[in-house]
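> One structure, as structure tokens, below. Some questions next.
The values are calculated or read from the model by the stated rules, or taken from the named source; none is laboratory data. No experiment lies behind these values; they were computed from the predicted model shown. When we count neighbours, we look across all protein chains shown, and the Cβ atoms used for this are built from the backbone with ideal geometry, even at glycine. Just so you know, the surface numbers come from the protein's heavy atoms only, side chains and all, with ligands and any DNA or RNA stripped out. Shrake-Rupley method; radii C 1.70, N 1.55, O 1.52, S 1.80 Å.
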Amino acid sequence: MSAGSFEPGCTYDNVYFLFTDASGYSTIVGTNPRDLAAHLFDRLRDAIVARVEKLAAEHRCERAELWSWRGDGGCLVVHDEEESAALQVALRAGMAILTADLPELREELLRSGARGELHLRLAVHKGPIHYTPDGDTGAIHSPDINFAAHLEEVTPRDCLTISEDVHRVAGRLADQFEPGGTYEGKTVHLMSPDGEYGHGRRAWLRTAGLAGGLRLHAYAQRPSQPEKARLVDIAVDEVLDFGTALNTCAGYLVTTERPAHYRDAVLALLSRGGVYRCVLLDPDCEATALYSRLRHEDLAAKIRRSLDRFRAFKNRHGSAANGLQVHQTDEFPGIAALCADLRSRDPVVLYSPYMFTARPDGVRVERADMPHYLVTSEAGPLFTQLVQVIGDASAPKRTTRVL
């Protein structure tokens, strides 16, 4: 791809890494004939390589190589003893791919009659590398290559993101970028194709969120019965179901509908010696009365109906249901939670904060429509706090076993 090449065993400073990735690749591949989809992404690769080659020739850049291509994107590496040449090639290539090549490829996609939309994510970073003695680019260990690859993954679609290291030396080209936020300890800057100030920053915020974010999985509504059953299936020792009335859980255990995914999962847990522990509010406590007023519903009646269903489940399954425990509490922290092995080293927690309305007409957000979050230890302090709150609220000293 370039006149020069990297020499085995040599170390190079200020190497520029341009990572590209096509957002929507799987949709295009899945909705079009295989040969048409392959042709479109071959065209994408050819356009990106041609753009870098053209700029490398214009700036007499010594090294510009395609190091990897995965079908929908890859890594191009640019270097020259004069850093300004490598900078111009990598940065101008990313900008031109976004503003010129991408629109042309979209037009070609449209003319071909292919279904789907083509979007790109691009990222540029720089740093030193030590080229391997055998010339195997896949064996090069570089934190800067890793950072560039990760930066591309979090870049909003149809944007070019550059690191602070690139922005610092970009000269007038830096004016085309706006600060987006921080990523892995570095400030990043974005360019959106329309060039409107604020668009790149807004796109970054929507994609990466605010600084200090934690990893969790969010759901707009309560996960389905089969999905909740998957959480029960992974439990080794205990499932804790914690809430106000546990109406949904109790209904799952006595439902006459088939397939009864959740009941089957609970029975499987009990058969392997596990415990299914339910903690719900005491129907006669002050907290139940308070939540009833806030929710405009007869919560005490729902709790008693759940208790009847739990008894029916135990009566129906006899000794097979001995591992079902039902406890009541008069304290409630305002969240519902379904936890697999809460006291183990690796618990998994599905939780949902309660949302209340105080409208006199009784309109409220139903429990099934409240957001739910699946959290593991990867969420760090949020996870630690949740485990502590749920563990304290469901501790034996705060509960009374009723079944």
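> Of the numbered conditions (1) buried (at least 22 other Cβ atoms within 10 Å of the Cβ); (2) part of a loop (DSSP other than H, G, I, E, B), S5 fails exactly one; give the number of that condition.
That leaves (1) as the condition not met.
> Could you look through the stretch 117-150, keep only residues that are in a helix (DSSP H, G or I) and loosely packed, with under 12 Cβ neighbours inside 10 Å, and pick out the one that is nearest to the chain's Cα centre (by Cα)?
By that ranking, first place goes to P143.
> In addition: Which pairs do you get when a residue that is open to solvent by less than 30 Å² (accessible area, probe 1.4 Å), found in the stretch 308-335, comes within reach of a residue that is part of a loop (DSSP other than H, G, I, E, B) and of a type in the set (F, W, Y), reach meaning Cβ atoms under 7 angstrom, with the pair 6+ apart or on two chains?
Between residues of the stretch 308-335 that are open to solvent by less than 30 Å² (accessible area, probe 1.4 Å) and residues that are part of a loop (DSSP other than H, G, I, E, B) and of a type in the set (F, W, Y), the close pairs are G334/Y354; I335/Y354.
> Do you know which of the residues in the stretch 169-188 that are in contact with a Ser or Thr (Cβ under 9 Å, 6 or more places away or on another chain) and not in a strand (DSSP E or B) is surrounded by the fewest Cβ atoms within 10 Å (Cβ to Cβ)?
Of everything passing the filter in the stretch 169-188, G171 is surrounded by the fewest Cβ atoms within 10 Å (Cβ to Cβ).
> V188 is checked against (1) in contact (Cβ under 8 Å) with a residue 24 or more places away in the chain; (2) closer than 30 Å to C339 by Cα and fails just one. What number does that condition carry?
(2)
> Considering (1) open to solvent by 20 Å² or more (accessible area, probe 1.4 Å); (2) on the phi < 0 side of the Ramachandran plot; (3) acidic (D, E), say which one D158 fails and leave the rest.
That leaves (2) as the condition not met.
> When you scan the stretch 60-76, how many residues do you find that are over 28 Å from the mean Cα position of the chain (by Cα) and within 18 Å of D46 (Cβ to Cβ)?
3
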